[in-house]
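Enquirer: Pasting in a structure now, in structure tokens, and then I'll have a few things to ask.
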Amino acid sequence: MNNPREIKVHDKDFELLLSEAEIAERIEQMANQISVDYANKELHIIGVLTGAFMFYAELVKRITINVRVSFIKTSSYQGLKSTGNVHFDLAFPAKLTGEHVLIVDDILDTGRSYKKIYNEIRVQNPASVKLATLLYKPSANTTTYKPNYLGFEIEDKFVVGFGLDYNHLGRNYSSIYQLKK
Ligand code: IMP
Ligand code: MG
């Protein structure tokens, strides 16, 4: 696939952090856990574009219960930094009332995106709301929210690949890379 040890994206150098094989193994475990936890329920899985697209597909195709799929779109990053302002570029699906909702995002970083998403969903009175992320930077989190299903905890370093971008590039790599010093 698309697995070099080092890559250059735009003007920055990145080194391998998580391989395609490690990621695939972990996603399989997450999907199994979700299938067990929501057994005999219908689950509405909402992906957060753009960063979650690859993780979303790899996760949902391994889930063995019936799921409804939909997407929202947020943006907050410019280059290497979160602007702190979260925009919804694509609105929520209507009528989440009574549904079991699982939000799927690439990473929980400052937590501001998920906080805003969670508050938007709660007002529709869903049966439950949980979060699955592939990555989590605990030291960057400014909120009390944490992923309910998590792939990997990582240091507070900028990462690309497997859906995550730097300046709109690098999402296509099938491994995850961190910024080199
Ligand atoms: P938040 O800071 O938790 O609100 O995360 C907002 C969004 O920023 C995430 O969904 C990612 O799309 C993006 N993001 C956060 N950290 C990184 C990173 O290290 N690399 C690329 N994108 C990131
Ligand atoms: Mg995102």
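Enquirer: Only one of LEU49, LEU59 is within 12 Å of ligand 1 (Cβ to nearest atom) and at pLDDT 95 or above; which?
Expert: Answer to the selection: LEU49.
Enquirer: Still on this structure: Run ALA57 past the list (1) within 16 Å of ligand 2 (Cβ to nearest atom); (2) in contact with a Leu (Cβ under 6 Å, 6 or more places away or on another chain); (3) not in a strand (DSSP E or B); (4) not hydroxyl-bearing (Ser, Thr, Tyr) and report the number of the one that doesn't hold.
Expert: Against the list (1) within 16 Å of ligand 2 (Cβ to nearest atom); (2) in contact with a Leu (Cβ under 6 Å, 6 or more places away or on another chain); (3) not in a strand (DSSP E or B); (4) not hydroxyl-bearing (Ser, Thr, Tyr), ALA57 comes up short only on (2).
Enquirer: Can you name every residue in region 146-160 that is touching a strand residue (DSSP E or B) at 6+ places or on another chain (Cβ under 6 Å) and closer than 28 Å to ASP37 by Cβ? Before the answer, list the steps.
Expert: Here is the first cut: in region 146-160, the ones touching a strand residue (DSSP E or B) at 6+ places or on another chain (Cβ under 6 Å) are 147-154, 157-160.
Passing the criteria: PRO147, ASN148, TYR149, LEU150, GLY151, PHE152, GLU153, ILE154, VAL159.
Enquirer: Also, quick follow-up: In region 160-175, how many residues are of a type outside the set (Gly, Ala, Ser) and under 14 Å from THR133 (Cα atoms)? Before you say what the answer is, go through the steps one by one.
Expert: The first filter runs over region 160-175 and keeps only residues of a type outside the set (Gly, Ala, Ser), leaving 160, 162, 164-169, 171-173.
Filter again for under 14 Å from THR133 (Cα atoms), leaving 162, 164.
Residues in region 160-175 being of a type outside the set (Gly, Ala, Ser) and under 14 Å from THR133 (Cα atoms): 2 in total.
Enquirer: Let me ask something else about it. So how many residues does region 135-162 have that are near ligand 1 (Cβ under 8 Å from one of its atoms) and of a type in the set (Gly, Ala, Ser)?
Expert: Final tally of qualifying residues: 1.
Enquirer: With modelled with pLDDT of 95 or more and among the basic types (Lys, Arg) as the only criterion, which of LYS116, LYS95, LYS130 stands out?
Expert: LYS130
Enquirer: Also, I was wondering about something else. Out of THR97, THR143, THR110, report the one residue that is part of a loop (DSSP other than H, G, I, E, B), among the hydroxyl-bearing types (Ser, Thr, Tyr) and touching a strand residue (DSSP E or B) at 6+ places or on another chain (Cβ under 6 Å).
Expert: One residue alone meets the criteria, THR110.
Enquirer: Residues in region 21-38 that are β-branched (Val, Ile, Thr) and part of a loop (DSSP other than H, G, I, E, B): how many?
Expert: 0
Enquirer: In this structure, does THR97 turn out to be over 23 Å from ALA31 (Cα atoms), without any contact (Cβ under 8 Å) to a residue 60 or more places away in the chain and either surrounded by 19 or more Cβ atoms within 10 Å (Cβ to Cβ) or more than 16 Å from ligand 2 (Cβ to nearest atom) (or both)?
Expert: yes
Enquirer: Any idea how many residues of region 39-54 are part of a loop (DSSP other than H, G, I, E, B), within 16 Å of ligand 2 (Cβ to nearest atom) and within 19 Å of GLU28 (Cβ to Cβ)?
Expert: From region 39-54, those part of a loop (DSSP other than H, G, I, E, B) are 39-42, 50-52; that's our starting set.
Next, only the ones that are within 16 Å of ligand 2 (Cβ to nearest atom) stay: 50-52.
Still in the list and also within 19 Å of GLU28 (Cβ to Cβ): 52.
Residues that pass the stated criteria total 1.
Enquirer: Give the residue, chosen from THR64, THR74, that is surrounded by 15 or more Cβ atoms within 10 Å (Cβ to Cβ) and of a type in the set (S, T, N, Q). Walk me through how you get there before you give the answer.
Expert: Details: THR64 fails: surrounded by 15 or more Cβ atoms within 10 Å (Cβ to Cβ).
Exactly one residue qualifies, and that residue is THR74.
Enquirer: Then there's this: Keeping to region 92-136, report how many residues are touching a Lys or Arg at 6+ places or on another chain (Cβ under 8 Å) and within 18 Å of LYS81 (Cα to Cα).
Expert: Residues flagged as touching a Lys or Arg at 6+ places or on another chain (Cβ under 8 Å) and within 18 Å of LYS81 (Cα to Cα) within region 92-136 amount to 4.
Enquirer: Now for a different question. Exactly one condition in (1) more than 16 Å from ligand 2 (Cβ to nearest atom); (2) part of a strand (DSSP E or B); (3) surrounded by 19 or more Cβ atoms within 10 Å (Cβ to Cβ) is false for VAL104; which is it?
Expert: It fails just one condition, (1).
The values are calculated or read from the model by the stated rules, or taken from the named source; none is laboratory data. The structure displayed is predicted, hence computed values, not measured ones. Reconstructed Cβ throughout: ideal geometry from the backbone, glycine too, with neighbour counts over all protein chains shown.
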